[in-house]
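Visitor: Below is one structure. I have some questions about it.
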Amino acid sequence: MISRRDILKAAGVGAIATGIPGIAFAKANTDARFVLVILRGAADGLALAAPYGDGNYRKVRGELALPSPARDGGLLQLDDMFGLHPSLPGIFAEYEKEQALVCHAIASPYRERSHFDGQDVLENGAAGVGLLRDGWLNRALAPLGGTLGNEAAIAMAQNTPLVLRGNNSVTSWAPSQLPEADDSTLRRLQDLYAEDEFFATRLAQALKSQEIADGEAAMGQMRSRGNDAEQLRTMMQATARFLTADDGPRIAVLEAGGWDTHANQGTTSGALANRLTGLDGGLTTLRNELGRTWSNTVVAVVTEFGRTVAVNGTRGTDHGTASAAILVGGAVNGGRVIADWPGLAKSDLLQDRDLRPTADVRSLFKGVLAEHLSLSGSFLDSTVFPDSAAARPMRDLVRT
Amino acid sequence: MKFHPAIAANRFGLGARPGDLQKIEKGPAAWLLDQLQGPARQPSELSGLPGAADVLVEVQDLRRERRAMREAADDEPAPDIVKKYGRTVRSHYIEQSHARYRLAASTDYPFHERLVHFWTNHFAVSADKQPIPAIAGLYENEAIRPNITGNFADLLIACERHPAMILYLDNQRSVGPTSTLGRRANRAQRERTVGLNENLAREILELHTLGVDGGYTQHDVTTFAKVITGWSIGGAGENGRFAEGDPGKFEFRDTIHEPGTHTVLGKRYAQKGIAQGEAVLRDLAMHPSTARFLATKLAAHFVADEAPRDLVDELTATYLESGGELAPMYESLITADAAWVAPFGKYKSPHDFVISTFRAFEHVPDNARFVVAALDLMGQAPFRPGSPAGWPDSSDYWGGADALYKRIEWSNTVSRVVGSRVNPVELGDGILGATFNPETRKAISRAESNVQGMTLLLASPDFQRR
C-alpha cells in the first residue's frame with residue numbers, strides 16, 4: 001500500500017516553498033499554536049459577559065438581564081463589574097487558572113449593521129468593507145514558513161473562510177462519509193491537474209490533510225452528523241489532531257453559526273444559552289485533546305459585531321456594534337477583563353442603541369500575533385492590518 | 001466561435017446530456033431563448049407536492065401538540081411527539097429536495113431551471129431555521145418559479161409575501177409600536193414591550209433590492225420595517241393570538257400595522273395597509289442601485305466571478321429601459337459577446353456539479369437521501385445556505401482543498417455505481433464537445449478501467465468548470 005506521503009513525494013510537491021523567504025525573525029516560537037473561532041451572526045456580548053455591576057444593566061436589559069453572581073445559577077463572577085454567562089463553565093475554569101481573558105466593548109472598524117459586510121471587515125483586516133480581497137490571517141502567514149503540502153494554517157471546513165483566503169497556501173479539512181478514491185486514481189488526477197494550478201494546489205493540500213487524518217484511526221469514525229454542539233466538538237477534536245501532527249499546521253480557523261438571536265434569545269436557558277454550551281463544550285474538548293500543546297496555545301473567539309442593548313419586540317436583540325471577545329489557552333495571560341467600559345446610560349450608547357466600542361478588534365489580533373507568533377510590528381502595520389496604526393496592539397496578552 | 005453549443009449547455013444550462021450538443025448546434029442562442037417561458041405544463045416531478053399552506057398547518061399543529069404536552073407535563077415533551085415533528089419536517093424536506101434534483105436532472109428547459117435556482121438563491125431562505133426545511137422547496141415552486149420571466153417587482157412582492165420568507169426573517173413577530181395591538185400589549189405588560197423586528201426590512205434593502213451600498217440608512221431600515229408591519233401569516237400564531245385569516249397563507253394584519261405616513265429613501269408613502277408596502281417594493285424594484293445589483297449578480301453567476309464591467313452596464317441599462325422586465329435582461333445576457341468566451345470561467349458549485357453529473361449519466365436520482373447527503377458533504381445542502389445572503393457565487397468560496405477532495409471521492413463513488421456501462425472518452429466528447437481538452441481526453445483514454453476513466457472525467461478541470 002502506497003501512503004499519501006509517497007504520492008506527494010512522487011509529485012515533488014513537498015519541496016515547493018510558498019512562504020516568502022528572507023523575512024527572518026529572531027526568536028520565533030515555532031511551537032506556538034493559534035486557533036481563531038468566528039461566531040457568525042453577531043453574538044451578544046452583553047450576554048457572553050454581562051456588566052452586572054453597571055447600575056443601568058438591569059434596567060436596559062429588562063427581561064434578558066442575567067441573574068447576578070450572588071444568585072444560584074447566576075453569572076460566573078469575573079470581577080466586580082462583569083460576569084461570564086453561566087453556560088460557559090469551561091471557559092470560567094480557565095479564567096480562574098488565569099488562562100482566559102475577556103475583552104469587552106470591542107468591535108471591528110465596521111460601523112454599519114450588515115452581517116455579511118461586518119464579517120468581511122472582521123476577516124479582511126482592512127479599515128472598511130471590500131478594501132482588501134484576502135484575509136488578515138492569510139497575510140500573516142508569509143513569515144511563518146509552510147510549504148505546499150505542509151501549510152502553516154488550516155480551515156476546518158470544506159470551504160475556506162475569507163480570513164484565510166489569499167496568496168499564501170492554506171489547507172482545509174472536514175469529515176467525510178464517502179469511500180476514498182484509490183491511489184492510482186489520485187496519482188492520475190495529479191498528472192491531469194499538473195497544468196492547472198488551481199486544481200494542482202488544492203489536491204496537494206487535500207492529500208496532506210488526508211495523510212494526517214488517516215494517521216489517526218479515530219478520524220475515520222468522524223461523522224459530520226449530530227447537532228451543532230456535537231459537530232463543533234468533532235471539529236475541535238480534529239483541530240487538535242492537526243495541531244499536534246508532525247509538520248502539521250500551527251494555525252486553525254473554525255466557524256460556528258446561529259448567533260443571530262432576533263427572537264426569543266433566552267437568558268440562563270434558551271437559544272443563546274444552548275449555543276454557548278456548545279461553544280464551551282467545544283473549547284473544553286480542544287483543551288483536553290491538545291494535551292501538553294495547550295500550554296502553547298491561544299484561542300481567540302470573536303464575532304462580527306454585537307447586538308442592541310435594549311430588548312426588541314420579540315424578546316431578542318437586533319444588530320448592534322460593540323461585543324465581547326474571549327482569549328483562552330495555556331499561553332494566555334488571563335484572569336482579567338480588559339475593558340474601557342463605555343457605560344449603558346442612554347447618553348453613553350452609540351446612536352442611542354448600541355454598546356459603544358472602546359477597543360478595536362485589530363488591536364487584540366495584533367497583540368496576539370506580535371506576542372504569540374512573534375510577528376514584527378512593522379509587518380503587522382504594513383501588511384496584515386494596513387491603515388491600523390491608530391489601533392495599537394494590546395500588550396501582555398500572552399505569557400512570556 | 002460565438003454561440004458554442006457546449007457553452008450553451010454547460011454555462012447557461014445545467015450540463016449537457018449525451019446527444020444534447022447535436023440538438024443545440026442548430027442554434028445555441030435560439031435554444032436558450034426558446035426555454036425562457038419554461039414548460040407549458042407543470043413538470044410531473046412537482047405535481048404531487050403539497051402546498052406550503054397545508055404543510056405549515058400540519059407542522060404548526062405538531063408544534064402546538066408538543067407545546068401542550070410540555071405545559072401539561074411540566075416536563076420534557078414525550079419523545080415520540082418530538083420525533084414525530086422532526087420526522088414530518090424531514091420527510092417534507094427530502095420529498096421537495098428529491099423533486100428539485102429529479103427535475104434538474106431530466107428537464108428539457110435547463111436554462112429556465114438554472115434561472116429558478118439563481119433567484120431562489122437571491123431570495124434565500126435557509127432550512128437551518130424551523131420550519132423552513134418543510135417548505136423551502138415549495139417556496140421555490142410557488143414564489144420563484146412562476147415569476148422569473150416577468151417583471152422583477154412581481155417576483156419581489158411574491159417572495160416577500162410568501163410565508164417562508166416571512167417566517168424566515170421573523171416578520172410575523174414585528175409589531176407596530178403604535179398599532180392597535182402594539183398599544184394594548186405595551187399598556188398591559190410592564191416588563192416586556194412588543195415592537196419592531198427589523199430583520200426582513202433590512203434584508204430586502206441589503207440583499208433583495210438595493211444592495212448594501214445601494215444608498216439607504218439605518219433610518220430607512222426602521223421606517224421600512226414599520227411599513228411592512230402586519231405582513232404576516234393566517235391562522236393561529238405561536239401563542240394562539242392571531243386566529244384570523246387562512247391558516248398557513250399570507251395575511252395582512254391591520255391590528256399590528258404601524259399606522260401613518262412613512263418616509264423611505266426620502267419619499268413619503270401615505271397609502272394604507274398592504275398597499276403601502278407594495279408601493280415601497282415597486283419603487284425599490286426600479287431603483288438604479290437595484291438594477292446594477294441584479295445585473296452584477298446575474299453576470300457573475302453566468303460569466304465570471306468578477307462580472308465584466310461592460311456587461312454589467314449593458315444589463316443594467318436593459319433592465320431600467322424595460323421597466324424592470326427580466327426577460328429582456330436575460331436576452332441581453334445571451335447575446336452578449338462576453339458570455340460566450342471560452343474557456344470556462346466559473347468553477348461549478350457542488351449543486352452544479354451534482355446536477356451536471358446526473359445529466360451526463362442521464363441518471364434521474366431515485367434516492368433522495370443519497371443526493372442530500374452528497375450535497376451536504378460537499379458543503380451545499382439543498383435549501384440550506386445558512387444565511388439570507390444565499391450561497392456565495394465564486395471560486396474563492398467553493399475552491400477549498402477539502403471541497404475538491406470531496407468532489408473526487410464523490411466522483412469515484414458515482415462512477416462505481418453508474419459509470420461502468422459508459423465509455424468515458426465518448427461521454428466526454430458527447431458532453432464537452434470542442435471544450436474537451438485533448439490532454440484530458442488522452443489521460444482518460446489511458447485509464448485502467450471505465451470507472452477510473454469516469455472518475456477522471458468528472459473530476460477534470462474541464463468538467464468542474466462551466
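Each row is one residue, and each column tells you yes or no for (1) modelled with pLDDT under 95; (2) more than 20 Å from residue B:384 (Cα to Cα); (3) within 14 Å of another protein chain (Cβ to nearest Cβ); (4) buried (at least 20 other Cβ atoms within 10 Å of the Cβ).
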position	(1), (2), (3), (4)
B:104	no, no, no, yes
B:107	no, yes, no, yes
B:123	no, no, no, yes
B:130	yes, no, yes, no
B:138	no, no, no, yes
B:144	no, no, no, yes
B:153	no, yes, no, yes
B:157	no, yes, no, no
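Visitor: Listed residues A:368, A:311; which is among the aliphatic types (A, V, I, L, M), closer than 30 Å to residue B:185 by Cβ and not in a strand (DSSP E or B)?
Guide: It is A:311.
Visitor: Determine, yes or no, whether residue B:221 is in a loop (DSSP other than H, G, I, E, B) and either within 10 Å of another protein chain (Cβ to nearest Cβ) or crowded, with 24+ Cβ neighbours inside 10 Å (or both).
Guide: Taking the combined requirement at face value, the residue does not satisfy it.
Visitor: If you don't mind, another one. Those residues that are closer than 25 Å to residue B:327 by Cβ and basic (Lys, Arg), I need them from region B:85-121; list them, please.
Guide: B:100, B:114
Visitor: On to the next question. Mind checking which residues of region A:96-124 are in contact with a strand residue (DSSP E or B) (Cβ under 7 Å, 6 or more places away or on another chain) and of a type outside the set (A, V, I, L, M, F, W, C)?
Guide: A:99, A:104, A:109, A:113, listed by residue number.
Visitor: I need the full set of residues from region B:438-466 which are surrounded by fewer than 18 Cβ atoms within 10 Å (Cβ to Cβ) and within 10 Å of another protein chain (Cβ to nearest Cβ), in order please.
Guide: B:439, B:442, B:446, B:448, B:449
Visitor: Scan region A:299-314 for residues that are closer than 23 Å to residue A:228 by Cα and either within 15 Å of the chain's Cα centre (by Cα) or within 14 Å of chain B (Cβ to nearest Cβ) (or both) and jot them down.
Guide: Here is the first cut: in region A:299-314, the ones closer than 23 Å to residue A:228 by Cα are A:299-307.
A:299, A:300, A:301, A:302, A:303, A:304, A:305, A:307, listed by residue number.
Residue-by-condition table, conditions (1) within 17 Å of residue A:107 (Cα to Cα); (2) within 17 Å of the chain's Cα centre (by Cα):
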{"residue": "A:358", "(1), (2)": "yes, no"}
{"residue": "A:369", "(1), (2)": "no, yes"}
{"residue": "A:372", "(1), (2)": "no, yes"}
{"residue": "A:378", "(1), (2)": "no, no"}
{"residue": "A:383", "(1), (2)": "no, no"}
{"residue": "A:391", "(1), (2)": "yes, no"}
{"residue": "A:394", "(1), (2)": "yes, no"}
{"residue": "A:400", "(1), (2)": "no, no"}
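Visitor: Among the residues of region B:18-34, which ones are small (Gly, Ala, Ser) and in contact (Cβ under 8 Å) with a residue 24 or more places away in the chain?
Guide: B:19, B:27, B:29
Visitor: Kindly indicate whether residue A:159 is more than 9 Å from chain B (Cβ to nearest Cβ), without any contact (Cβ under 8 Å) to a residue 40 or more places away in the chain, closer than 26 Å to residue A:286 by Cβ and touching a strand residue (DSSP E or B) at 6+ places or on another chain (Cβ under 9 Å).
Guide: Spelling it out, it is not the case that residue A:159 is more than 9 Å from chain B (Cβ to nearest Cβ), without any contact (Cβ under 8 Å) to a residue 40 or more places away in the chain, closer than 26 Å to residue A:286 by Cβ and touching a strand residue (DSSP E or B) at 6+ places or on another chain (Cβ under 9 Å).
Visitor: Here's another thing I want to ask about it. Could you grab me the full set of residues in region B:171-218 that are more than 9 Å from chain A (Cβ to nearest Cβ), farther than 19 Å from residue B:389 by Cβ and among the hydroxyl-bearing types (Ser, Thr, Tyr)?
Guide: Answer for region B:171-218, where residues must be more than 9 Å from chain A (Cβ to nearest Cβ), farther than 19 Å from residue B:389 by Cβ and among the hydroxyl-bearing types (Ser, Thr, Tyr): B:178, B:179, B:180, B:217.
Visitor: Being assigned to a strand (DSSP E or B) and modelled with pLDDT of 95 or more, is that true of even one residue in region A:379-386?
Guide: Taking every residue of region A:379-386 in turn, none turns out to be assigned to a strand (DSSP E or B) and modelled with pLDDT of 95 or more.
Visitor: Please indicate, with yes or no, whether at least one residue in region B:365-374 is at the interface with chain A (Cβ under 10 Å from one of its Cβ atoms) and either closer than 28 Å to residue A:208 by Cα or within 28 Å of the chain's Cα centre (by Cα) (or both).
Guide: Yes, because at least one residue in region B:365-374 is at the interface with chain A (Cβ under 10 Å from one of its Cβ atoms) and either closer than 28 Å to residue A:208 by Cα or within 28 Å of the chain's Cα centre (by Cα) (or both).
Visitor: Quick check on region A:87-98. Is at least one of its residues in contact (Cβ under 8 Å) with a residue 24 or more places away in the chain and on the phi > 0 side of the Ramachandran plot? Step through it out loud before you land on a result.
Guide: Taking region A:87-98 and keeping what is in contact (Cβ under 8 Å) with a residue 24 or more places away in the chain, we get A:87-91, A:94-98.
When the remaining residues are screened for being on the phi > 0 side of the Ramachandran plot, the result is A:98.
Within region A:87-98, one or more residues are in contact (Cβ under 8 Å) with a residue 24 or more places away in the chain and on the phi > 0 side of the Ramachandran plot.
Visitor: Follow-up question, since we're still on this one. Look through A:140, A:153 and report the one residue that is crowded, with 22+ Cβ neighbours inside 10 Å, more than 21 Å from residue A:48 (Cα to Cα), among the hydrophobic types (A, V, I, L, M, F, W, C) and more than 14 Å from every other protein chain (Cβ to nearest Cβ).
Guide: A:140
Visitor: Now for a different question. Hey, among A:192, A:101, A:207, A:186, which residue is under 15 Å from the mean Cα position of the chain (by Cα) and not in a loop (DSSP other than H, G, I, E, B)?
Guide: After ruling out the rest, the residue left standing is A:101.
Visitor: Anything in region A:352-400 that is in contact with a Phe, Trp or Tyr (Cβ under 6 Å, 6 or more places away or on another chain) and among the small types (Gly, Ala, Ser)? List them, or say none.
Guide: A:374
Visitor: If you don't mind, another one. Does residue A:307 satisfy the condition of being among the basic types (Lys, Arg) and either surrounded by fewer than 21 Cβ atoms within 10 Å (Cβ to Cβ) or without any contact (Cβ under 8 Å) to a residue 24 or more places away in the chain (or both)?
Guide: no
Visitor: While we're on this one: Just the residues that are buried (at least 23 other Cβ atoms within 10 Å of the Cβ) and not small (Gly, Ala, Ser), please, taken from region B:6-20.
Guide: Those that are buried (at least 23 other Cβ atoms within 10 Å of the Cβ) and not small (Gly, Ala, Ser): B:7, B:10, B:11, B:12, B:14, B:17, B:20.
The values are calculated or read from the model by the stated rules, or taken from the named source; none is laboratory data. As the structure is a computational prediction, the values presented were derived from the model and not from experiment. Quick reminder, even Gly has a Cβ in these numbers, built from the backbone with ideal geometry, and neighbours come from all protein chains shown.
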